[in-house]
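Asks: Before I ask anything, let me first share the structure, which is written out below as structure tokens.
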Amino acid sequence: MDPFNYGSFYGLCPRLLAFQPILCPISLFPLPGASIGSTILYAPRYNSHTLQSVGVTMRLTNRHFTNWSISEIVGSVPKLALLLAAIFVCGNASADAIQDKVGLEFFETKIRPLLAEECLSCHSVKSKPIQSELALDERNAILHGGSRGAAIVPGHPEKSLLVSALRGRNGAPDMPPKGRLTEQKIALIEEWIRRGAPWPAVTGSVHSTPKAAFNLQDRKSKHWVWKPISHPTVPQVKNRAWVKNPIDAFILSGLEAHSLTPAPAADRRTLIRRVTFDLIGLPPTTAEVDAFLNDTAPGAYERVVDRLLASPHYGERWGRHWLDLVRYAETYGHEGDYDKPGAYQYRDYVIRALNADVPYNQFVQEHVAGDLLANPRHNPAQGFNESILGTGFWWLGEGTHSPVDLLQDEADRLDNQIDVFGKAFLGLTMGCARCHDHKFDAISTRDYYAIAGFLRSSRYQLTPIESPQQMQATIDSLDRLANDRDELLRRALPAQAAHAAPSIPSGATLFEDFSKKSYAGWTATGQAFGAGPRQGALRAVPTAASFRVEAVTNSGAADSGFLSDRLHGVLRSRTFTIKNRHILYHVAGTGTEIRLIVSGLQLIQDPIYGGLRISLSGGDALHWVSQDVSKWIGYRAYIELVDNGPGHLLADRILFSDGDAPSEAGARLANFEESRKLSSEAVADLHAMDARRLDLEKSLSDPPRGLAMADGTGENDRVHIRGSYKSLGSEVPRRFLEALGSPAVARPDDGSGRLALARAMVAPTQTPLVPRVIVNRLWLHHFGEGIVRTPDDFGVMGQKPTHPELLDWLADNFISASNPPSNSNVKAGAAAAFSSNACGWSLKKLHRLMVLSNTYRMSSRIEPKSEQSDPTNRFVHRMPVRRLEAEAIRDAVLAVSGRLDTTLYGPSVMPYLSPYMEGRGRPGTSGPLDGAGRRSVYINIRRNFIPLFLLAFDYPVPFTCIGRRSTSNVPAQALAMMNNPFILEQSEVWAKRITADKQATTEERIRQMYQTAFSRPPDSSELVQATAFLAQQPGGSGALESWTDLCHVLFNVKEFLFLN
Amino acid sequence: MRIARPINRREMLSQAANGFGAVALAALLQDRAFGADQIPAAASQSPMGPRPSHFPAKAKSVIFLFMDGGPSQVDTFDPKPRLAKENGQKIKMDVPPTQFDNVGSVLKSPWEFKPYGKSGIPVSELFPNVGQCVDDLCIIRSMVADHSEHTNANYFMHSGLGMQGRPSMGAWATYGLGSVSQDLPGFVVLHSGMIPSGGVDCFTSGFLPATFQGSLFRAGRSPVADLELGEVTPERQRRMMGLMRGLDGHMMAKAGPEDKLEASISNYELAFRMQTAVPELVDIKGESEATRKLYGLDQEHTKIYGQQCLVARRMVERGVRFIELLCPAVGADRWDQHGNLKEGHEKNAAAVDVPIAGLLIDLKSRGLLDSTLVVWTGEFGRTPMAQGSNGRDHNPFGFSMWMAGGGIKGGTVYGATDDYGYYAIENKVTVHDMHATMLHLLGMDHKRLTYRFSGRDMRLTDLYGEVVHSILA
């Protein structure tokens, strides 16, 4: 039988069913249900042993029915007739019993063996675990179903999940996993269900699917991270002289408890090199080192630290650490590696925010909901909204090119957002709760989808980076001018000279006619669309001698060109479910576009999705545009009317229809042509007004845009059973994690509700996580390892803190207000609580606390005895030797060679593309070999073309939150330092600089080189070796090549790559 | 809580071979917060040096012939007479959404199939030379994958997840087993001209230490980035490195016996050795004329892939653990014939047929095939109906691959697709099953080869995968 042609089969089955009540092979099958015994099959395999339990009769049955396949019945009418005849002859029992017996027989001979053979190895009450919680060896268990719901609907194979699974239909999991059953076997199952799924009477207890116990409160009570931040007292230590600040007391108390002694203090040169790299990611200059060495007054080191924290390079260094947490890249990766416009604006936002020491609780809120803050932070110099740029982090993930399964793509995108969100801010692996309650942590699947709801209710946007305040005067003038012009036109034209509103074709439904005063149900960003729809939009387009009037409508319209074509803006509709084959837009415009965002898909690309974007170039006459959305019926979507720069868009009707657009672009009035004749006075006035408008437009610029969130229609998500959007469970209100006691924080009608989420995250009473996680991240970068050595996983599977009290003491002080309240009534005792260690969420104060500790000032030198007792340095008995990160190595090379361009911010420099970097999406041109001398943080990070030099030194693949980079040791590193053209080039740049001073002696030059590269003078042996090396070169110390080689060697000396 | 077990690092380091192993060991030890207790059992020696497998291995090395773009199963190894019968007709089945969503009518294969070898397994005209080796192949006609898009499918085929960031199978293999080769990387990707969609992340070590990352070798004299000295002569480099060794002493003295530094210094020694080992590896001058001909080096259209296949054999001889070969550029696209099926598939097949057969024959004659697992697959197959008139769209629901050598039952066919060749219906083999089977042949239990990341013990096979025992010798 053709496995894909069921026609004849389905055609016959109803007839077969019609005979059912009279099927009565009684005498042949005296099989009371009870004689079967247990209702549980002898899993996993059906065998002859099973048969013996029902004795002779069963074997008889076998003889008669083993080959009784549906196809034979269907295919052989004479056989069927014979069978039925036999049945008629023997019946005298009640219809029910008869059916029961026939059905049971069918079950026992056909279905029970089939289930045993094909299904029970995974789906038995004896399976461990029972796959998908579905057992197929008890009728009630089948009816109850597994995680996807009831497996069968008796009587209705077409509605039964089991059949869908066997046929691989309706999104059901394809079962069995090892290959589809034969058509005959599937038909048997269908037949059995159609018969009402007969099954022998149940004698034993009904199997009920055991649920794995997930007790959130129990989990919560058993793991340290959910507990509130404690207020540990600073421990007492023996060697009190060593304690510079409380950090030292915590560390020393641990060391003393294990009979360890802290390493001696590092020398000043080591210390300034260490702290400079740590805080700004560059080597100290010779002058800076000398100044520190010569500063003998108390507080010299503190002054170095304060200088570094005030340096704009601090933001570059720590911004780069932050970018690791949010999988920063400037392309989408995947097939085309398309640009991600506006990504670098997020990077610059981070650098500026860190330099400005924006309190971390503010920084977090800006990331989660910066677009929704009532009082956003504005850039002090340029006035634009800084806070909204923080939300760009949500959109830094990869993007699939033309995903075939849009809903899966959406679910994966959301998952990546939740994964990064959970790890970066909360140190929780929330992604683990996507398919099931977290296996170890107090995070339920409902928690996951509660968070997912916020993201489903949020949207992508490119936000213009400009100051509405600074533009306001211009906009007001443009507004007055536009209204004057409009009034003039109305006076000049006959009253009836307007489009009648286009009629709505039969069968179409109106989605929007912009007849309200406000954009109710829409959100406008930018300035172009104004505060609400325009009533009666007119357009007078200048021609050689006069004006041509176009697009006249008496009804309401969204009009981005009313004030000026130079303004930009986007109008976004509410989210709706696509129900019709077409969306019809009655629009006019040029240089603008309509985008339909289906299931959040932003990366609109052919071959599948090209039709979701409609570019308008039809000029100023209103016309119908039809968008075929028949592929996406049932999907959630919203409309974007996009005016990004010169151009305009006017829309007065949006319809949903199964038919195509009306052929006529709205009935024009008979006297429309007549109406276009303007008086010469009107023409003169219009010219004057347009001249004035052009003048005003000069102050408008085309602003850069940044990745950001926009709020959408508030919607709760539903639990995706086993992580599949194909089987949705119950709806979950949008809220923060249950373990943190969070009630529902969003109502359906107030947008996404992300702001409430953001506030809950940074409320210290509610979440102890945010402060602990960030404190640990700073510690990790200063001390080589975190107090929690798994910085992105504070859960049960992560590591426990090596110093839990220190972690809480730091977290507690980090969030404590740093200044006593100005209220003079505060008692002396209360004021003391505001100790000098309190940071008030200031990251710079926290850095200061850490790097001013004596712990940080220890030497990294190995002391064999301590090393033996504390081989992993978990007690922090010394500072670790650390290899510099990829960026720090590259930046140090540039700094030392003198090539470093310290320009801050701005568009990224394209990466240098070596012949070893190939593949789809390769940019047309390579960036400069030296990256224009810019710091590595400004190199354009293209997902598919990450610079090999950086990759060799463990630059992380930007796919998730990476709080701790690996530091590997691979030959590619040595090869890069020895042979990479960038290193060769910079060696020569440095050599040229060194040899530029013709008066300097060889020794003076070598001394200078050592100072620059290693922050110290060479010792005598080094001087001798370097001098001898120069002398041995073919050109001797007079040749540039000799000096180039010496520079090259110094880049390769381990002291250049490692930090003591 | 997982505390790194106390290791006397210096002691361990001194015991390890002074070479790649020692270097990589130190690399792992640096990651000891995660790594030390994760080095697979019996890691008393270096992680990159060879390590015992979980159980005796059938294969020591893997050569993965990746047919980038997705060759059509119904035109290569899975003949479907029904396509000829219904050529030009509307397909009589429900068709799932496809990448181009441009479903045409049934398209018969432009190529004839004929039986080969003792087994009589049919192979199409596209692979007459591979056909001659069919008695060494196990053709799996029931592969299924999860994605219809190239990049997701490529990531999935390589790493078991259709997204960026997971370790590639070669990284897992070297993480588990290390490598016999002491002066070559354990996981090498031979680049013949086409980088698959998704880029080098197909070969990433992901969250595993970078030690296990795939090293991309280009075809030709200068296969590895930064391996060539450029203007610097070897003599000049030797002088520089001599000085470097001397100047390194200062920091060593200052830091004490810090193994990060020792390891970094040894790393330079390995890099040095690679500078000679790699050119020696890719220098095929010493190969006989017969061998060169066997691999198709005498023909322009087979030259590049033939050379890479030959280099792959030379790598197997040197103990490289996992070698992946990428497709050559043939003047048509990769195997991704949405249109122009006839010309595109013919050019792609012609470029690799002789070299692959040459590789199989050569490995066998040298007694290496028994210990080398050769795997041939695309990231998915293609649709039985046309896209346009002369093309086929992507199809992850049923496609063909084959394995040969190291522990595989040759001359067999496993699994089947439906009459159209669209869906695998019998003995489905998932990508995770394929990975599990590959690891099994390497002597590893895919469920035990884990690395803790993101709060769980990650596997190449994620939560899935079963070894396909039926295809094992």
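The values are calculated or read from the model by the stated rules, or taken from the named source; none is laboratory data. What you see is a predicted model; the values in this text were computed from it and never measured. Reconstructed Cβ throughout: ideal geometry from the backbone, glycine too, with neighbour counts over all protein chains shown.
Asks: Quick one: which of A:G431, A:G507 is part of a loop (DSSP other than H, G, I, E, B) and over 23 Å from A:L372 (Cβ atoms)? Full working, then the answer.
Replies: On the way: A:G431 fails: part of a loop (DSSP other than H, G, I, E, B).
Just one listed residue meets the conditions, A:G507.
Asks: Scan the range A:395-418 for residues that are facing chain B (nearest Cβ under 8 Å), buried (at least 24 other Cβ atoms within 10 Å of the Cβ) and of a type outside the set (S, T, N, Q) and jot them down.
Replies: Those that are facing chain B (nearest Cβ under 8 Å), buried (at least 24 other Cβ atoms within 10 Å of the Cβ) and of a type outside the set (S, T, N, Q): A:E398, A:H401, A:P403.
Asks: Determine, yes or no, whether A:V909 is under 22 Å from A:N355 (Cβ atoms) and not basic (K, R).
Replies: Numbers: under 22 Å from A:N355 (Cβ atoms): yes; not basic (K, R): yes.
Criteria met by A:V909.
Asks: Still on this structure, please answer the following. Among the residues of the range B:256-280, count how many are among the hydroxyl-bearing types (S, T, Y), at the interface with chain A (Cβ under 7 Å from one of its Cβ atoms) and out of contact with any strand residue (DSSP E or B) (no Cβ under 9 Å at 6 or more places or on another chain). Spell out how you get there, then give the answer.
Replies: Taking the range B:256-280 as the starting set, the residues that turn out to be among the hydroxyl-bearing types (S, T, Y) are B:264, B:266, B:268, B:276.
Going one step further and asking which of them are at the interface with chain A (Cβ under 7 Å from one of its Cβ atoms), we end up with B:264, B:268.
Subset that is out of contact with any strand residue (DSSP E or B) (no Cβ under 9 Å at 6 or more places or on another chain): B:268.
Residues flagged as among the hydroxyl-bearing types (S, T, Y), at the interface with chain A (Cβ under 7 Å from one of its Cβ atoms) and out of contact with any strand residue (DSSP E or B) (no Cβ under 9 Å at 6 or more places or on another chain) within the range B:256-280 amount to 1.
Asks: For the range B:417-445: of the residues being within 12 Å of another protein chain (Cβ to nearest Cβ) and not in a loop (DSSP other than H, G, I, E, B), which is surrounded by the most Cβ atoms within 10 Å (Cβ to Cβ)? Walk me through how you get there before you give the answer.
Replies: Here is the first cut: in the range B:417-445, the ones within 12 Å of another protein chain (Cβ to nearest Cβ) are B:417-420, B:422-430, B:432-433.
Right, trim to not in a loop (DSSP other than H, G, I, E, B) and you get B:417, B:424-426, B:429-430, B:432-433.
Details: B:T417: 28, B:A424: 30, B:I425: 23, B:E426: 17, B:V429: 24, B:T430: 23, B:H432: 22, B:D433: 24.
Among those residues, the one meeting the criterion is B:A424.
Asks: To continue, here is another question. If I ask for residues that are over 25 Å from B:H440 (Cα atoms) and either within 11 Å of another protein chain (Cβ to nearest Cβ) or crowded, with 24+ Cβ neighbours inside 10 Å (or both), which ones from the range B:387-416 would you list?
Replies: Kept after step one, since they are over 25 Å from B:H440 (Cα atoms), are these residues of the range B:387-416: B:387-395.
Matches in the range B:387-416: B:Q387, B:R392, B:D393, B:H394, B:N395.
Asks: If B:S159 passes every condition in (1) on the phi < 0 side of the Ramachandran plot; (2) modelled with pLDDT under 95 but one, which one does it miss?
Replies: Only one criterion is unmet by B:S159, namely (2).
Asks: Pick from the range A:938-953 the residues that are in a loop (DSSP other than H, G, I, E, B) and under 10 Å from A:M917 (Cβ atoms): which of them is farthest from the other protein chains (Cβ to nearest Cβ)? Explain how you work it out, then say what you get.
Replies: Residues of the range A:938-953 in a loop (DSSP other than H, G, I, E, B): A:940-947, A:953.
Still in the list and also under 10 Å from A:M917 (Cβ atoms): A:942, A:944-947.
On the way: A:R942: 9, A:N944: 3, A:F945: 7, A:I946: 8, A:P947: 11 Å.
Within the range A:938-953, the match that is farthest from the other protein chains (Cβ to nearest Cβ) is A:P947.
Asks: Which ones in the range A:965-975 are buried (at least 23 other Cβ atoms within 10 Å of the Cβ) and either more than 8 Å from chain B (Cβ to nearest Cβ) or modelled with pLDDT of 90 or more (or both)?
Replies: Passing the criteria: A:Q973, A:A974, A:L975.
Asks: Restricting attention to the range B:140-164, report how many residues are more than 10 Å from chain A (Cβ to nearest Cβ) and either assigned to a strand (DSSP E or B) or without any contact (Cβ under 8 Å) to a residue 12 or more places away in the chain (or both).
Replies: Count: 3.
Asks: Is there a residue in the range A:319-334 that is at pLDDT 95 or above and touching a Cys at 6+ places or on another chain (Cβ under 6 Å)?
Replies: Checked the range A:319-334: at least one residue is at pLDDT 95 or above and touching a Cys at 6+ places or on another chain (Cβ under 6 Å).
Residue by residue, here is whether (1) within 14 Å of chain B (Cβ to nearest Cβ); (2) touching a helix residue (DSSP H, G or I) at 6+ places or on another chain (Cβ under 9 Å); (3) in a helix (DSSP H, G or I) holds:
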site	(1), (2), (3)
A:P911	yes, yes, no
A:P928	no, no, no
A:A932	no, yes, yes
A:V957	yes, yes, no
A:Q1008	no, yes, yes
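Asks: Quick one: how many residues across the range B:162-183 are more than 21 Å from A:P956 (Cβ to Cβ) and touching a helix residue (DSSP H, G or I) at 6+ places or on another chain (Cβ under 6 Å)? Walk me through how you get there before you give the answer.
Replies: As a first pass, look at the range B:162-183 and keep what is more than 21 Å from A:P956 (Cβ to Cβ): B:173, B:176-183.
From what's left, touching a helix residue (DSSP H, G or I) at 6+ places or on another chain (Cβ under 6 Å): B:182-183.
Of the residues in that region, 2 qualify.
Asks: What do you reckon, is B:T174 touching a strand residue (DSSP E or B) at 6+ places or on another chain (Cβ under 8 Å), touching a residue at least 24 places away in the same chain (Cβ under 8 Å) and either more than 8 Å from chain A (Cβ to nearest Cβ) or within 24 Å of A:G919 (Cα to Cα) (or both)? Please lay out each step first, then the result.
Replies: On the way: touching a strand residue (DSSP E or B) at 6+ places or on another chain (Cβ under 8 Å): yes; touching a residue at least 24 places away in the same chain (Cβ under 8 Å): yes; either more than 8 Å from chain A (Cβ to nearest Cβ) or within 24 Å of A:G919 (Cα to Cα) (or both): yes.
Against the criterion (touching a strand residue (DSSP E or B) at 6+ places or on another chain (Cβ under 8 Å), touching a residue at least 24 places away in the same chain (Cβ under 8 Å) and either more than 8 Å from chain A (Cβ to nearest Cβ) or within 24 Å of A:G919 (Cα to Cα) (or both)), B:T174 qualifies.
Asks: Taking the range A:135-149 as the search range and keeping residues that are small (G, A, S) and in contact with a Ser or Thr (Cβ under 8 Å, 6 or more places away or on another chain), which one is farthest from A:I193 (Cα to Cα)?
Replies: As a first pass, look at the range A:135-149 and keep what is small (G, A, S): A:135, A:141, A:145-147, A:149.
From what's left, in contact with a Ser or Thr (Cβ under 8 Å, 6 or more places away or on another chain): A:135, A:141, A:146-147, A:149.
Working: A:A135: 16, A:A141: 15, A:G146: 17, A:S147: 20, A:G149: 16 Å.
Within the range A:135-149, the match that is farthest from A:I193 (Cα to Cα) is A:S147.
Asks: A follow-up question, please. Restrict the check to the range A:436-452 and report whether at least one residue is surrounded by fewer than 21 Cβ atoms within 10 Å (Cβ to Cβ) and on the phi > 0 side of the Ramachandran plot.
Replies: no
Asks: Mind listing whichever residues of the range A:1017-1036 are buried (at least 19 other Cβ atoms within 10 Å of the Cβ) and more than 8 Å from chain B (Cβ to nearest Cβ)?
Replies: Scanning the range A:1017-1036 gives A:P1018, A:L1030.
Asks: Would the range B:456-469 turn up any residue that is in a strand (DSSP E or B), on the phi < 0 side of the Ramachandran plot and modelled with pLDDT of 95 or more?
Replies: No, the range B:456-469 contains no residue that is in a strand (DSSP E or B), on the phi < 0 side of the Ramachandran plot and modelled with pLDDT of 95 or more.
Asks: Another one. When you check A:Y916 against the structure, is it more than 14 Å from every other protein chain (Cβ to nearest Cβ) and surrounded by fewer than 21 Cβ atoms within 10 Å (Cβ to Cβ), yes or no?
Replies: Spelling it out, it is not the case that A:Y916 is more than 14 Å from every other protein chain (Cβ to nearest Cβ) and surrounded by fewer than 21 Cβ atoms within 10 Å (Cβ to Cβ).
Asks: In the range A:142-157, how many residues are over 39 Å from the mean Cα position of the chain (by Cα) and either within 17 Å of A:V125 (Cα to Cα) or crowded, with 18+ Cβ neighbours inside 10 Å (or both)?
Replies: 2
Asks: Output yes when any residue across the range A:127-134 is surrounded by fewer than 19 Cβ atoms within 10 Å (Cβ to Cβ), touching a helix residue (DSSP H, G or I) at 6+ places or on another chain (Cβ under 8 Å) and within 17 Å of A:I721 (Cα to Cα), and no when none is.
Replies: Looking for residues that are surrounded by fewer than 19 Cβ atoms within 10 Å (Cβ to Cβ), touching a helix residue (DSSP H, G or I) at 6+ places or on another chain (Cβ under 8 Å) and within 17 Å of A:I721 (Cα to Cα), one finds none in the range A:127-134, hence no.
Asks: Can you find even one residue in the range B:234-255 that is within 8 Å of chain A (Cβ to nearest Cβ), among the polar types (S, T, N, Q) and touching a residue at least 40 places away in the same chain (Cβ under 8 Å)?
Replies: No.
Asks: What's the number of the only condition in (1) more than 9 Å from chain A (Cβ to nearest Cβ); (2) farther than 21 Å from A:D954 by Cβ; (3) in contact with a Pro (Cβ under 9 Å, 6 or more places away or on another chain) that B:G214 fails to meet?
Replies: (2)
Asks: Among the residues of the range A:709-716, are any at pLDDT 90 or above, under 21 Å from A:L372 (Cβ atoms) and among the polar types (S, T, N, Q)? Talk me through it step by step, then tell me what you get.
Replies: The initial filter retains those residues of the range A:709-716 that are at pLDDT 90 or above, namely A:709-716.
In the following step, the residues that additionally are under 21 Å from A:L372 (Cβ atoms) were identified as A:709-716.
Subset that is among the polar types (S, T, N, Q): A:713, A:716.
Looking through the range A:709-716, at least one residue is at pLDDT 90 or above, under 21 Å from A:L372 (Cβ atoms) and among the polar types (S, T, N, Q).
Asks: For the subset of the range B:217-233 comprising residues that are more than 7 Å from chain A (Cβ to nearest Cβ) and within 27 Å of A:F1014 (Cβ to Cβ), which member is modelled with the lowest pLDDT? Show your work before the answer.
Replies: As a first pass, look at the range B:217-233 and keep what is more than 7 Å from chain A (Cβ to nearest Cβ): B:217, B:219-224, B:231-233.
Now drop any that are not within 27 Å of A:F1014 (Cβ to Cβ), which leaves B:231-232.
Numbers: B:E231: 75, B:V232: 81.
Here the answer is B:E231.
Asks: Can you pull out the residues in the range B:141-156 that are in contact with a Ser or Thr (Cβ under 7 Å, 6 or more places away or on another chain) and either at pLDDT 95 or above or not assigned by TED's automatic domain parsing to the domain that holds B:T461 (or both)?
Replies: Scanning the range B:141-156 gives B:R141, B:S142, B:M143, B:V144, B:N154.
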